[in-house]
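*Asks:* I'd like to ask some things about the structure below.
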Amino acid sequence: MTKMLLLALGLTFAGTAAHAQSMKPAKTAKAAGPQIEFMEVKYDFGSIKQGDIVDHVFKFKNTGTQPLVISNIGVSCGCTTPSWTKEPVQPGKIGTISAKFNSAGKMGMQTKVLTVDSNSAGGTTTVSLVGEVKEAATASNK
């Protein structure tokens, strides 16, 4: 009986200790070098009429330890024009990427991907614009 009681108490203490250790938040060190972290990686512009222009700003933070530099942004289509923070973004600071999508000549569901090249420890990353382009109303179908 005493052995059973000791075994039960031992298991209880072991379980409590294991649970307490798993509840401690892990300390994470800042990534060495620059690190890009976007506030959002996909912007859904909903439904627009053909010919409308969508203009959206993606914000990012340098969560690393050295200045972050965006060297280039590639686009999946000539209908999307990017512009971005050209100067180095210091650790802890915010930068932006502006994406302008011209829906002229487009119809249906659209996904426009911007490929961001930087000196971030993660290397190349992407953000995207998504939504639907509907036919613009004409005089004959009003």
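*Asks:* Summarise the accessible area of the range 42-119 (1.4 Å probe, protein heavy atoms) by the percent that is carbon and sulfur.
*Replies:* Details: 2000 of 4020 Å².
Reported share for carbon and sulfur atoms: 50 percent.
*Asks:* Take SER76 and PHE38, extend 7 Å from each Cα along the Cα→Cβ direction, and tell me the distance between the two endpoints in nm.
*Replies:* That separation, rounded to one decimal, is 1.1 nm.
*Asks:* For a paramagnetic label modelled at 7 Å from the Cα of SER98 toward its Cβ, which residues of the range 32-75 fall within the zone defined by backbone nitrogen distances under 16 Å?
*Replies:* 53-60, 73
The values are calculated or read from the model by the stated rules, or taken from the named source; none is laboratory data. For clarity, every value in this text was computed on a predicted model and none was experimentally measured. Every residue, glycine as well, gets a Cβ built from its backbone with ideal geometry; the counts of neighbours run over all protein chains shown. For accessibility, only protein heavy atoms count, side chains too; no ligands or nucleic acids. Shrake-Rupley method; radii C 1.70, N 1.55, O 1.52, S 1.80 Å.
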